[in-house]
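The values are calculated or read from the model by the stated rules, or taken from the named source; none is laboratory data. Please read these numbers as outputs of a predicted model, since none were measured by experiment. Don't worry about glycine lacking a Cβ; one is built from the backbone with ideal geometry, like all the others, and counts go over all protein chains shown. We work out accessible area using only protein heavy atoms, side chains counted, and drop any ligands, DNA or RNA first. Shrake-Rupley method; radii C 1.70, N 1.55, O 1.52, S 1.80 Å.
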Amino acid sequence: ADPRAGSTPQVVELQQDEINEGTVLVGGGGRSIRGLVTGLRPEQFEHVALQLHSESNSAFFSANLDERGAYSINGVPPGPATLTLIVRTGFQLQKPVHMPADHDLTLDLAVPVGSQLSGRITQSGKPASDKDIYMRPVDDKVNILYHAQVEKDGSYTFESVPPGDYFVRADGDISRRISIAGDTTLNIDIPSVQLAARVVEDGGSVPIAGANVY
């Protein structure tokens, strides 16, 4: 179902060669949540999406911004939910929400004004274009997450980064702690081999397949 209208997931079990024509997805009959997104230029509005996950019935909703930067999500059931603002330049902001049962909710979201973090991710000197890069504040009280796909030349860019200390992680391979006070460049080279070994049974030589090593 169109997630902008909201839907309650249903499990349907099909037998061999069965045709099921009686499945109905029912949109949520709850209240509305709306607000304004500030801190963005009008030309950025089309690159913004909002997603809401209701914990009461695992329903998902989505919305886009209009020409004023406003959004509206209808049919949200009462109870706890998580609203996520996603800007396609890599910025994500999560807000916990408790939807009331008897009235609509207004929630404005502000994209922080900040600096730019950019650089290149390489592996043994070659562009690591298959990597994702993440950044999160060390003191993450507002649930801000930055995420970007590394470009073909190994470059990446994060916009609107407020001053502070952050953890930067290039996929699952390597991480750095960095302080941001203005526009910053951070290049990371991932060694082809950082630590390699075999996992075997204690006191023996039988390999343990599928183990996770931390």
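Here is how the numbers come out for the structure above:
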| item | result |
| --- | --- |
| Out of Ser155, Ser129, Ser160, sole residue that is in contact with a Lys or Arg (Cβ under 6 Å, 6 or more places away or on another chain), among the hydroxyl-bearing types (Ser, Thr, Tyr) and at pLDDT below 90 | Ser129 |
| Yes/no for Gln51 being more than 17 Å from the chain's Cα centre (by Cα), surrounded by 15 or more Cβ atoms within 10 Å (Cβ to Cβ) and within 24 Å of Gly114 (Cα to Cα) | no |
| Neighbours by Cβ (under 8 Å, 6+ apart or cross-chain): first from the range 182-211, polar (S, T, N, Q); second open to solvent by 90 Å² or more (accessible area, probe 1.4 Å) | Asn187/Arg120 |
| Search result, residues across the range 175-214 that are among the polar types (S, T, N, Q), surrounded by fewer than 10 Cβ atoms within 10 Å (Cβ to Cβ) and within 15 Å of Phe158 (Cα to Cα) | Thr185 |
| Segments classed as strands (runs of 3 or more DSSP E), wholly inside the range 94-162, with at least 3 members that are open to solvent by less than 60 Å² (accessible area, probe 1.4 Å) and either within 30 Å of Gly30 (Cβ to Cβ) or in contact (Cβ under 8 Å) with a residue 40 or more places away in the chain (or both) | 115-123, 144-149, 155-161 |
| Filtered residues of the range 64-111 (kept if over 26 Å from Tyr166 (Cβ atoms) and hydrophobic (A, V, I, L, M, F, W, C)) | Leu65, Ala70, Ile73, Val76, Ala81, Met99, Ala101, Leu105 |
| Matching residues in the range 37-48 - criterion: being open to solvent by less than 90 Å² (accessible area, probe 1.4 Å) and part of a loop (DSSP other than H, G, I, E, B) | Gly39, Leu40 |
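Conditions tested, residue by residue: (1) at pLDDT 90 or above; (2) in contact with a Lys or Arg (Cβ under 7 Å, 6 or more places away or on another chain); (3) not charged (D, E, K, R).
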residue: Val76; (1), (2), (3): no, yes, yes
residue: Thr89; (1), (2), (3): no, no, yes
residue: Leu93; (1), (2), (3): no, no, yes
residue: Asp102; (1), (2), (3): no, no, no
residue: Val113; (1), (2), (3): no, no, yes
residue: Gly119; (1), (2), (3): yes, no, yes
